[in-house]
Amino acid sequence: MISQTAEYALRAVVYLAKGAGTAYTADQISKATQVPAPYLSKVLQPLIKAHLVQSQRGLGGGFSLEKKPEQITILQVINAVDPIERMEACPLGLDEHLGALCPLHKRLDEAVGLIEDAFAKTTISELLHPPADAKLCLFPNTKKV
């Protein structure tokens, strides 16, 4: 559904949101989210460029959210690292499909649009405060309470 890069970015942002106001080192984030450290560094760069995450060098530095968790959507995180692509033309390139999507690809694009809309309406804060009956993926080394 989403790329591994987008998954890793979401893990990192959710982890940072859990400790809002605290700066974490790349190593701390990597260990907590099970994202390989070299890959995490590559994932964090576009999040910084998109003004979702900030970094601070030096003693007490690290990575933290630039915005509040309720101001960041899943779609913003995904689009920062691996944008969702919509279909503008039939990928088969058939002459009879020029200028419009064929019925199949139109339906597929509509489905992508529904996913995009759902991601745009879901904030990181909502992932931190799910309904009581929701079953969530736990971060590694996190025990059920």
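The values are calculated or read from the model by the stated rules, or taken from the named source; none is laboratory data. As the structure is a prediction and not an experimental result, all values here were calculated from the model. Counting neighbours? That spans all protein chains shown, and the Cβs are built from the backbone with ideal geometry, glycine included. With ligands, DNA and RNA removed, areas are computed over all heavy atoms of the protein, side chains included. Shrake-Rupley method; radii C 1.70, N 1.55, O 1.52, S 1.80 Å.
Flag: residue 15 does not match the condition of being surrounded by fewer than 16 Cβ atoms within 10 Å (Cβ to Cβ), in contact (Cβ under 8 Å) with a residue 12 or more places away in the chain and either at negative phi or in a loop (DSSP other than H, G, I, E, B) (or both). One residue stands out among those in the stretch 43-57 that are in contact (Cβ under 8 Å) with a residue 12 or more places away in the chain and over 18 Å from residue 21 (Cα atoms): the one that is surrounded by the fewest Cβ atoms within 10 Å (Cβ to Cβ), which is 49. Checking each residue in the stretch 73-112 for being open to solvent by less than 60 Å² (accessible area, probe 1.4 Å), over 23 Å from residue 3 (Cα atoms) and part of a helix (DSSP H, G or I) picks out only 97. Within the option set 110, 70, 116, being acidic (Asp, Glu) and without any contact (Cβ under 8 Å) to a residue 24 or more places away in the chain holds for one residue only, 110.
Quick one: is residue 65 loosely packed, with under 15 Cβ neighbours inside 10 Å and free of Cβ contacts under 8 Å to residues at least 60 places away in the same chain?
Values: loosely packed, with under 15 Cβ neighbours inside 10 Å: no; free of Cβ contacts under 8 Å to residues at least 60 places away in the same chain: yes.
No; evaluated as a whole, the condition is false for this residue.
Residue by residue, here is whether (1) under 18 Å from the mean Cα position of the chain (by Cα); (2) modelled with pLDDT of 95 or more; (3) closer than 28 Å to residue 109 by Cβ holds:
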{"position": "1", "(1), (2), (3)": "yes, no, yes"}
{"position": "5", "(1), (2), (3)": "yes, yes, yes"}
{"position": "8", "(1), (2), (3)": "yes, yes, yes"}
{"position": "29", "(1), (2), (3)": "yes, yes, no"}
{"position": "40", "(1), (2), (3)": "yes, yes, no"}
{"position": "47", "(1), (2), (3)": "yes, yes, yes"}
{"position": "52", "(1), (2), (3)": "yes, yes, yes"}
{"position": "59", "(1), (2), (3)": "no, no, no"}
{"position": "92", "(1), (2), (3)": "no, no, yes"}
